[in-house]
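Written below as structure tokens is the structure these notes are about.
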Amino acid sequence: MSGTREGAPASWEVFLRSRRGLAHQHVGSVRAAGPDAALAAARDLYTRRGEPLSLWVVRSDAVHTASPDERDPYFAGARHKPYRYPEHFAPLTEKGPEGEHHE
Amino acid sequence: MPGRCPVTAPTTAPAVDEGDLLAHFDALVAAGETIEPRDWMPDGYRRMLVRQIAQHAHSEIIGMQPEGAWLTRAPSLHRKSVLIAKVQDEAGHGLYLYSAAETLGVDRAALLDALHRGQQRASATFNHPALTWADTGAIAWLTDGAAVINQAPLCRTSYGPYARAMRRVCQEEAFHVRQGYDLMRALCEGTPEQKAMAQDAVNRWWLPAVALMFGPPDTEAGGADARTAALGAAVSRRAMAWGIKRHTNDELRQRFVDSCVPQAERLGLTLPDPAIRWNEERGHYDFTPIDWDTYREALGDDTHWARQRIAHRRAAHEDGAWVREAAAAYAARTDGTGGEDE
């Protein structure tokens, strides 16, 4: 993340739950001096339409990331394991998985 | 996630060689994958993005001014509410885009500073005054209509944060264009004076929309001389190779003309270009090529309205300084949850 200059408002990541039943989703970021101002800015910017249910703001520099650059070896555990997908195995009916849903 | 294959991730240790990084980047772009902020990217790609996103963000906030000037003079409470919502959206579009630019390692305050000092530009489209109420309709119908055509392909641009910002922008632009067209239709169905006012506004906003919203011609077919076309084409080709742009300026301009002509006919308005004619052979409307050099000269940064737009923007920024200072002081006092911790 870019460094914060003295006196410059911090960057905040904004997460919005737009409908009941959904997880909060990252929608973008705002600049604000503090959490109250960040929430107000996020409200003005990301919830002008519809009936959003809840907003989170998190200071951008508080987000810890593992980027694609570290895919190897950091994410290596996920690769080359086709047996983790149902498609790796034969379907249980002659018609295949689609047929099951129909009948 | 059925059918998900590891796209082009290097299978050996993380690449450090510039050639490998570039090959990986090119493969991602070629596969239609997005580039994300922490991915390696060529310097030229980053520079082109910063320049384009900043210019775009500046245009959004400078573009608030011509219409904003009519907020206190809207003819009804309904039209006023709609116009406030529209102008507020433009501010929001600027903020989405400044956020996207910041993911490339530039500072929003520095971008605004560059705008204020004339080192970066906003679209010259908005260096025209909105002389009548009908201008607010013509601006929304024509320049926002041009923006939609320009921006729809940008929803699939190769840089992730820019594409995501553009998807939000495009959803809102559709409302802008429709309310503008609705405003124009109300005037066209009104008194002869109201219809004349609508026609006058279209006469003044057609050329800024068709010329400036799409940038200089980048094909000879678009009317540029060979040198201008070659220069424009080189930039466009580079932007397309990187997946930043998807179409040439002239292709999008043609698309805009094709969509506007029938809309104007339905309103009973005349687009101020006698050369507009359906061309059966091409399957497009012909129109007068943009005389870019003449036009650009007439619209230098030194015109009254160009200076006015920047002066107004600076004044708003300076007048708002106390709010930013107060917010920072408040955050610093509230037990460190908001302010800059040492």
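Using only the Cα atoms of chain B, build the gyration tensor, take square roots of its eigenvalues as a ≥ b ≥ c, and label the shape rounded, prolate or oblate: rounded if a/c is under 1.5, else prolate if a/b is larger than b/c, else oblate. Taking the square roots of the gyration eigenvalues as a ≥ b ≥ c, chain B is oblate. Computed over the stretch B:152-291, the percent of Cα pairs more than 25 Å apart is 39. Along the axis of the charge dipole computed for the protein assembly as shown (Cβ charges of +1 for Lys and Arg, -1 for Asp and Glu, origin at the Cα centre), the listed residues A:Pro91, B:Ala326, A:Ala78 are led at the positive end by B:Ala326.
Treating only the Cβ of Lys, Arg, Asp and Glu as charged (+1, +1, -1, -1), what charge dipole size does the protein assembly as shown show about its Cα centre? Round to the nearest 20 debye.
Numbers: 51 positive and 60 negative charges, 158 e Å.
So the dipole magnitude of the protein assembly as shown works out to roughly 760 debye.
The alpha carbon centroids of the stretch B:34-50 and the stretch B:84-124 are separated by 18 Å.
Quick one: check the C-alpha center-to-center distance for the stretch B:259-291 versus the stretch B:319-335, whole angstrom. Spelled out, the Cα-based centre of one part sits 53 Å from the other. For the stretch B:44-127, taking Cα atoms only, Rg and Dmax work out to 14.5, 49 Å respectively. Span-like helix check, chain B: qualifying full DSSP H segments, with Cα axial length of 20 Å or more and mean Kyte-Doolittle of 0.0 or more, are B:226-241.
Dipole magnitude for chain B: computed about the Cα centre from +1 point charges on Lys and Arg Cβ and -1 point charges on Asp and Glu Cβ, it is near 560 debye. Accessible surface calculations at 1.4 Å, restricted to protein heavy atoms, place the stretch B:35-273 at 39 Å² per residue. Can you list which of the GluC sites (Glu not before Pro) found in the stretch B:146-191 are DSSP loop residues with at most 15 other C-beta atoms within 10 Å? Passing both the DSSP loop test and the Cβ count: B:Glu189. Given a 1.4 Å probe and every protein chain left where it sits, what share in percent of the accessible area of the stretch B:22-165 is carbon and sulfur? Roughly 58 percent of what the probe reaches on the stretch B:22-165 is carbon or sulfur.
By how many nm would the segment from B:Ala332 to B:Ala109 lengthen if fully extended, with 0.36 nm per residue of separation less the alpha-carbon distance?
Values: separation 223, 0.36 × 223 = 80.28 nm, distance 1.98 nm.
Between B:Ala332 and B:Ala109, full extension yields 78.3 nm more.
Scanning residues 5 or more positions from B:Tyr159 or on other chains, those with amide H under 5 Å from its amide H are B:Ile35, with H placed 1.01 Å from N in the peptide plane.
Taken about its Cα centre, the stretch B:177-250 carries a charge dipole of about 360 debye when Lys and Arg each add +1 at the Cβ and Asp and Glu each add -1 at the Cβ.
Quick one: plug the Kirkwood hydrodynamic radius of the protein assembly as shown (C-alpha pairs) into Stokes-Einstein at 37 °C, 0.692 mPa s, and report D in µm²/s. All intermediate terms of the calculation are to be shown ahead of the outcome.
Details: Rh = 24.6 Å.
Here the translational diffusion coefficient equals 133 µm²/s.
Chain B contacts chain A over a buried accessible area of about 2500 Å², both sides summed; the probe is 1.4 Å and only protein chains count.
Note: relative contact order over the stretch B:20-135, using C-alpha pairs below 8 Å and six or more positions apart, is 34 percent.
Across the stretch B:60-113, Cα pairs under 8 Å and at least six residues apart give a relative contact order of 37 percent.
Computed with every protein chain present, the accessible area of A:Lys81 is close to 50 Å² [probe 1.4 Å].
Please compute the contact order of chain B in relative form: average sequence separation of alpha-carbon pairs under 8 Å and at least six residues apart, divided by the residue count, as a percent. The partial results should precede the final answer.
Details: 388 pairs, mean separation 54.8, N = 342.
Dividing the mean separation by the residue count of chain B yields 16 percent.
The residue among A:Val27, B:Ala74, A:Val57 whose Cα reaches farthest toward the positive pole of the charge dipole of the protein assembly as shown, with charges on the beta-carbon of Lys, Arg, Asp and Glu, is B:Ala74. Choose one answer from B:Thr143, B:Thr157, B:Thr103: the residue with the largest mean-square fluctuation in a GNM of chain B with alpha-carbon springs under 10 Å. Looking only at B:Thr143, B:Thr157, B:Thr103, the largest GNM fluctuation is found for B:Thr103.
The values are calculated or read from the model by the stated rules, or taken from the named source; none is laboratory data. Since the structure is predicted, the reported quantities are computational estimates derived from the model, not experimental observations. Heads up, the Cβs are rebuilt from the backbone with ideal geometry, glycines too, and the neighbour counts pull from every protein chain shown. Side chains included, ligands, DNA and RNA excluded: accessible areas come from the protein's heavy atoms. Shrake-Rupley method; radii C 1.70, N 1.55, O 1.52, S 1.80 Å.
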